[in-house]
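Read the structure below first, then the notes.
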Amino acid sequence: GPKVLQIPSHQIIDMGQMVTLNCDPVSNHLYFYWYKQILGQQMEFLVNFYNGKVMEKSKLFKDQFSVERPDGSYFTLKIQPTALEDSAVYFCASSFEGVGNTLYFGEGSRLIVV
Amino acid sequence: GEKVEQHESTLSVREGDSAVINCTYTDTASSYFPWYKQEAGKSLHFVIDIRSNVDRKQSQRLIVLLDKKAKRFSLHITATQPEDSAIYFCAASGGNYQLIWGSGTKLIIKP
C-alpha cells in the first residue's frame, strides 16, 4: 500500500540543539500531519499542514516547533532548541483529503534528548 | 478541550473469542470515528471507520457500533486470532482538520 517514509528513524541529541525530522508523504496526498507519542501511549496531535500553511496546531506545538514543506520536498518538523520533554516518537502522516480520510503513517522517528 | 476516552487500557481474550473495545467522546459535532492498529514497535495503520450517518459497520471480523445519543462507539473483533494482538486506538473528528485520539487499548490474544 501507500508508504510514508520518515528520516531519521532514531536520533540522540543534546538538549538545546536543533533537530529536523523529515517526512516523505504519499505522493498525491495533500494534507500532512505530525503526531507525538511517548512510551507507546496516546497519540498526541501536534500540527497539520495543507497548501503550504499550518491549518491547525495543538498546545503541544510550542514556539520552538516549526513545520514546512519547501518546494514539495520533505515535510519537516524542526525543533529549536530541543528540551528533555521533547523525547518521544514523532509520527508523520498524510492523507489525500482532510479529516474523514484515511491517514497513512510513517514508521516514526524516535528522538532522545539528553 | 474535547476528549476521547478509551476505557480499557489492556484487554486479554482467548483465541477464538470476541474482543470489545469501547470509546466515548465529548464533541457533539464529531462525525467520523476511525480505528487504528499499532503492532509492537511499528507504526499505526487504519483498520476500520464509521461515520455518523450509520450506527453499524462490518468489515470481515471487525464490527464498529456507534451510539450517538450516548456518544459512545466500540470495536468488536470476532473470532480473534494471534495476529490481532496489538494496541488499538480509537479517534473522533474534532475541528476541521484533526482527530482526537483515545489513549489506546493493548489487546492480548491468549492461546
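Laboratory data are not the source of any read-out in this text; all were calculated from the coordinates shown. Computed from a prediction, not measured in an experiment: that's the story for all the values here. Neighbour counts are summed over all protein chains in view; Cβ atoms, including those assigned to glycine, are modelled from backbone coordinates with ideal geometry.
In nanometres, what is the gap between the two model label sites at A:Ser9 and B:Thr26, each 7 Å from Cα along Cα-to-Cβ?
My value for the distance between the label points is 3.8 nm.
What are the lysines whose alpha-carbon lies under 17 Å from the alpha-carbon of B:Lys68, with same-chain residues fewer than 8 places away excluded?
Once the sequence-local lysines are set aside, what remains near B:Lys68 is B:Lys3, B:Lys57.
If each residue of separation counts as 0.36 nm, what is the full-extension length gain between A:Glu97 and A:Leu30 once their alpha-carbon separation is subtracted?
Length gained between A:Glu97 and A:Leu30: 23.5 nm.
In Å and from the alpha-carbon atoms only, list the Rg and Dmax of segment B:53-99.
My reading of the Cα-based Rg and Dmax gives 12.8, 37 Å.
Place a +1 charge on the Cβ of each Lys and Arg in segment B:28-111 and a -1 charge on the Cβ of each Asp and Glu, then give the dipole magnitude about the Cα centre in debye, rounded to the nearest 20.
220 debye
To the nearest 20 Debye, how big is the dipole of chain A about its Cα centre, given +1 on the beta carbon of each Lys and Arg and -1 on that of each Asp and Glu?
Magnitude of the dipole: close to 80 debye.
Which residue, A:Pro81, A:Pro70, A:Pro25, tops the fluctuation ranking in a GNM of chain A built on C-alpha contacts under 10 Å?
Result: A:Pro70 has the largest fluctuation of those listed.
Taking a threshold of 23 Å on the Cα-Cα distance, which of the pairs A:Lys57/B:Lys42; A:Lys59/B:Lys69; A:Lys57/A:Lys78 fall above it?
A:Lys57/B:Lys42; A:Lys59/B:Lys69, as the Cα separations exceed 23 Å there.
Test of the criteria: in segment A:43-114, which trypsin sites (Lys or Arg not before Pro) are in a DSSP loop and have at most 16 other Cβ atoms within 10 angstrom of their Cβ?
When the trypsin sites (Lys or Arg not before Pro) of segment A:43-114 are filtered for loop state and at most 16 Cβ neighbours within 10 Å, A:Lys59, A:Lys62 remain.
What number, in percent, do you get for the relative contact order of chain A if the mean sequence gap of Cα pairs under 8 Å and at least 6 apart is divided by its residue count?
For chain A, the relative contact order is 38 percent.
For the protein assembly as shown, just the Cα atoms, rotate onto the principal axes and tell me the three extents in Å, largest first.
The Cα atoms of the protein assembly as shown stretch 49, 37, 33 Å along their principal axes.
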